[in-house]
Every structure is written in C-alpha cells, then in structure tokens.
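The block underneath contains the structure these notes are about, expressed in structure tokens.
The values are calculated or read from the model by the stated rules, or taken from the named source; none is laboratory data. All of these numbers come straight from a predicted model, not from anything done at the bench. Because the Cβ atoms are built from the backbone with ideal geometry, glycine has one as well, and the counts that use them run over all protein chains shown.
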Amino acid sequence: MFGVKKEKKKNQEFVEKDDRIDCMYNGNVIGSVTFIEEEGFLIIDSIVVSPGYSYRTIGSQLVWACVEKALREGKKCDPLSPFAEKEFGRHPEYQAVRGSAQGEWYL
C-alpha cells in the first residue's frame, strides 16, 4: 500500500501479539515493537532489535508492520518512540495513518 513494499527476508515473519509485534527469524525473536492501543490509536512506544541484527532494516520493518496494522484496523499511529518518529519523517506516505493521541491519554 502507498506504493511502498517492505520486503521480508527469507525465514523471517512478523507475529502480532496483544501489545506488540515480534520479528522472527528462523524461529527466534530478533526484534519487537510495542504499542499501546487506545481509542482508535496505536501508540508506538518502543522498538528493540537484537544487536546482531542492527542496521538490517528490522526496526524500519517493525514500524511498517504497525502502519499496516493501523490500516487494517482503521486506526491512527502515534509514533511516540524516537525511532518511529524518525521513520514517519522519512516516509511521507505514513502520514495517512499518523495521528496524535496526546489529548486522549497524556492527561
């Protein structure tokens, strides 16, 4: 969607859990993005990638997985994590799902 396609590597999959999406490679978790689901928002609060997989676009793929989830569920993304904020700045096409939940839960 948006003319952007994030390619999965061979033996790599993304597994959605309650409050996170894990990137699996050969059955092992190599990265995770955590988020808070709040009234129409996915608030991306943390992205962690195993040190051996740094600089391999895993973090970028995890942000994209959140964008895809938001699109599927008709939600907006609030990139609270500094890395996610940077990714949203790099990808103008992500602006379609960008929103701010600050007024909702920062009170």
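Here is a yes/no grid of residues against (1) modelled with pLDDT under 95; (2) in a helix (DSSP H, G or I); (3) in contact with a Pro (Cβ under 6 Å, 6 or more places away or on another chain); (4) buried (at least 19 other Cβ atoms within 10 Å of the Cβ):
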position	(1), (2), (3), (4)
Lys8	yes, no, no, no
Val15	no, no, no, no
Gln95	yes, yes, no, no
Glu104	yes, yes, no, no
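Kindly indicate whether Phe41 is surrounded by 13 or more Cβ atoms within 10 Å (Cβ to Cβ) and more than 18 Å from Ala96 (Cα to Cα).
When the stated conditions are applied, Phe41 does not pass them.
Test of understanding: among Ser81, Ser54, Ser60, which residue is within 18 Å of Ile21 (Cα to Cα) and touching a Lys or Arg at 6+ places or on another chain (Cβ under 9 Å)?
Testing whether each residue is within 18 Å of Ile21 (Cα to Cα) and touching a Lys or Arg at 6+ places or on another chain (Cβ under 9 Å) leaves just Ser60.
Out of (1) touching a residue at least 60 places away in the same chain (Cβ under 8 Å); (2) under 20 Å from Gln12 (Cβ atoms), what's the single condition that is false for Phe83?
(1)
What are the pairs with Cβ atoms under 8 angstrom where one residue, in region 41-57, is within 11 Å of Cys77 (Cα to Cα) and touching a residue at least 12 places away in the same chain (Cβ under 8 Å) and the other, located anywhere, is outside any strand (DSSP E or B) and polar (S, T, N, Q)? Sequence gap at least six, or different chains.
Ile44/Ser81; Asp45/Ser81
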